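The values are calculated or read from the model by the stated rules, or taken from the named source; none is laboratory data. Remember, it's a predicted structure, so these values are computed and weren't measured experimentally. A quick note on method: Cβ atoms are made from the backbone with ideal geometry, for glycine too, and the neighbour counts reach across all protein chains shown. Surface areas here come from the heavy atoms of the whole protein model, side chains and all, with no ligands, DNA or RNA. Shrake-Rupley method; radii C 1.70, N 1.55, O 1.52, S 1.80 Å.
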Amino acid sequence: MAAQLVELEENFFNCPICLDSFKDPKLLPCLHRYCRGCVKPEVDKSDDKVKCPLCKQECDKPTDGVDGFKTDFHTRNVVEYIQLKKSVAAEEVRKCIGCSNELQVAAFCFKCRGFICRKCHEIHENSGMTRDHKEHILALKDVKDKHLTLEKLGSLKEAPSCSEHPEKLAEICCVDCDNLPICVVCGQYENHKGHTIRGVRELAAEERKKIEHSMKALREQDGNVRGFPAKLAEARKSLEVNITETKARIRSQYNKEVGKLNEKERESVGLLAKHKAEIDRKEREVVADLNRQRERELKTVNDKYDKCVSEAKAKAADERGGKDTAASKTKDMLTKKRSYLENELSDSFSSVDHQGNTNMKTFGELSDQSTHRIQRYDNFVAVVTSVLASRDHWTDVSCLPDMNVSSKQLIEDAKKEFPEIAALSKVTTKAITPVFAPKANPSPIINRDDFKSDADYEKYVKEHLRIGMTLRCRKANQGVQEGDTGKVIEFDWWNNLNPICQWQRLGGTLVVSYSDVEIVDQGIRVGSKVRLQRSAVNPSRDQEGGNPRSVGRVTAINRKNCTVVFSTEKHWKGLLSEVEHVSLLRRSAFQDDSSYSAYVRDTIGVGMAVRCYKDDGVTKVGDTGTVTRMDESDPGQLTIEVRWQRQGGTQSVKHSSLEILGLRLLSVGDTVRAEHDINLSGMFGIIPRGDTGKITGIVESRWCTVLVAERRRPLTVLFSQIELSS
């Protein structure tokens, strides 16, 4: 592999700072070279670290400044040859060191370090006094014909001088002093006595084997290094597509919610007209009845009937005013929600743009790192190739050890992957908040004793009573005794909208007056967690698939019917009387494991998210998964089949080794918090226990990216390190 010097002249042996041929070249640990005078200002102004002007890699500053960096003898020799070549190309007249005449020279003696003419060249080679110079003479004809290789140039140079005795040529190397060239006297008797001494040929061969091994390992990473820009470009393109799709999805959600507002507004107007029509109808019927009764009554009681008519009209007017006020409040509420929805759309777009700009900036930083990495890679390969091509033992022992050291870091950098690219190519934002989302925390029940009068409490019951609430009878009436409890299943439209209840003691339904009852439980509402009651053997539903152990969330209530989303059935419909409340509690709320195990046995259901907190030989502590099936043949110890995230399959465990996490596993958009201090690698530091953030992406079954407050970019953590924030 003999490389001709002409291939490297113009783009390899010029200083990157002054752009001229190297003058006393100094070699940095990253293998970039600079003139001593050019790099000296950079070294002098540095404190403890010196940064390479090209690749920006930092290294320790030598104690003696720029002179502490190695002189690149190989490069200096090649630069001397290039300058020699330029002199030959210009056909400059030189003074022959043999005859001292100014004439056209024919060769250059590296031992005498001077030009000689053709005649003196012949004498120089044949004379007994200078016969040993023959191996060090360069015929200028080889320079002109461009036949000179790095290997031949290395053979023309004589061995370097001993570092301690400049008048003697070095014969051996001191390994303990960084392969320093020394003479035999120094190695046996003087400063290097007792050091590890090696012959130059043997040491050069050993260093060549090491660098060839490093070069092989580095070339194996060639595709990874050069293919990284393409991966980066693909991820950047994916980010741009994701931004566009996310905005389109948010716009679609916005339009959908606006449509809901418009539909609700139309329903409100229609309901107002319906109520007014009903009031007008009742008014007409009452007036007509009173008129007919007045005609049948004696004239003496006309004043009494006139008064009744007047009272009926006044009541109708009050009811109209109340409905007008309610309609006005509804319109104001819808206007506020529409304004909030528009603000949320603007905030969502701003969030997407901010994430996109931040990720684009990060892509720029990674692109710069990739460029520097490729430059360091190309520079290392070029330098090592050049040194190996010279086949000069002294150059090998001087340069190759540093190159071997540099190759290890370069190989590690070349192998480095960037898993955060997948997360950076995506943008996430919260979905548009539904304008009619259920309230998470319903208003607490106000007791009868908190009101000054029965009339005030009756008004409160009228305004807050809903289907599904539990009532208690305060006054015996029509077979219902004081203290009886029942659940509201309907309202009597023909009897002042009084509640129709399913009474527990009676086992049937009866209508009661608002004034005779009090509210004791708010019952099931939209958003409540429920399961089918075990007593509902054949529950009424639109679709098959209801499971008594499945837990779902109520999404709609229509009078005595409800709609529930279960994990096994997304649109279950049935009666409110067929479902029951389910409360999810954390393990920390229990005093011991036995009480928590009993709670899990009674509460766990298909579709729930669980975590293993006891090692039972099948799974590891901290593994998470979803319940797929349950074996209740042994009521004391349930066997739960779980689809585990880490294993990617199903395994059965006992309920006593599980902890309930929620109705489902964590997903993108969930707000989470750190269960304990999370140590991150590198410059990212620690996420303290209790800090909250939002999941922005799922990297694989066990990892996710979380955007924590006051952090510029998402951080990659394990699912086992976080929990859903309440």
Heavy-atom accessible area ranking, 1.4 Å probe, most first, across 320, 266:
266, 320
Residue 141-residue 332 pseudo-label distance in nm [points 7 Å out on the Cα-to-Cβ vector]
10.9 nm
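For residue 718 and residue 266, compute 0.36 nm times the residue count separating them, minus their Cα-Cα distance, and round to one decimal in nm.
157.9 nm
Rounded to the nearest 0.05, what FRET efficiency do residue 113 and residue 358 give with R0 = 45 Å and r taken as the Cβ-Cβ distance? Could you check?
So the FRET efficiency works out to roughly 0.15.
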Length gain on complete extension for the stretch residue 319 to residue 216, per 0.36 nm per residue less the alpha carbon to alpha carbon distance?
27.9 nm
With all protein chains present, calculate the accessible area of residue 719 using a 1.4 Å probe and round the result to the nearest 10 Å².
20 Å²
Considering the convex hull of the alpha carbon atoms of the range 230-354, report its projected area averaged over all viewing directions, in nm², one decimal.
9.1 nm²
If R0 is 56 Å, what FRET efficiency do you get for residue 18 and residue 675 from their C-beta distance, rounded to 0.05?
0.45
Determine, at each q value in 0.18, 0.28, 0.31 (inverse angstroms), the log₁₀ of I(q)/I(0) that the Debye formula gives when each Cα of the range 607-663 is one equal point scatterer.
-0.51, -1.24, -1.46
Which sequence of 699, 105 reflects their accessible areas, 1.4 Å probe, from the largest down?
699, 105
Mind listing the Cα extents of the range 337-432 along all three principal axes, in Å, largest one first?
82, 16, 14
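On a full-extension model of 0.36 nm per residue, what is the gain between residue 409 and residue 497, subtracting their alpha-carbon distance, rounded to one decimal in nm?
23.5 nm
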Using a 1.4 Å probe, how large is the accessible area of residue 692, given in Å² and rounded to the nearest 10?
70 Å²
Based on alpha-carbon atoms only, what is the radius of gyration of the range 456-527 relative to the globular estimate 2.2 N^0.38 Å?
1.00
If I ignore ligands, DNA and RNA and count only protein heavy atoms, how much of residue 469 is accessible to a 1.4 Å probe, in Å² to the nearest 10?
10 Å²
For the pair residue 509 and residue 278, the simple spin-label estimate (label points 7 Å beyond Cα toward Cβ) gives in nm 1.7 nm
The correct ranking of 347, 392 by accessible area at 1.4 Å, largest first, is 347, 392
Under the Kirkwood approximation for Rh and a Cα-based Rg, what ratio Rg/Rh is obtained for the range 254-324?
1.30
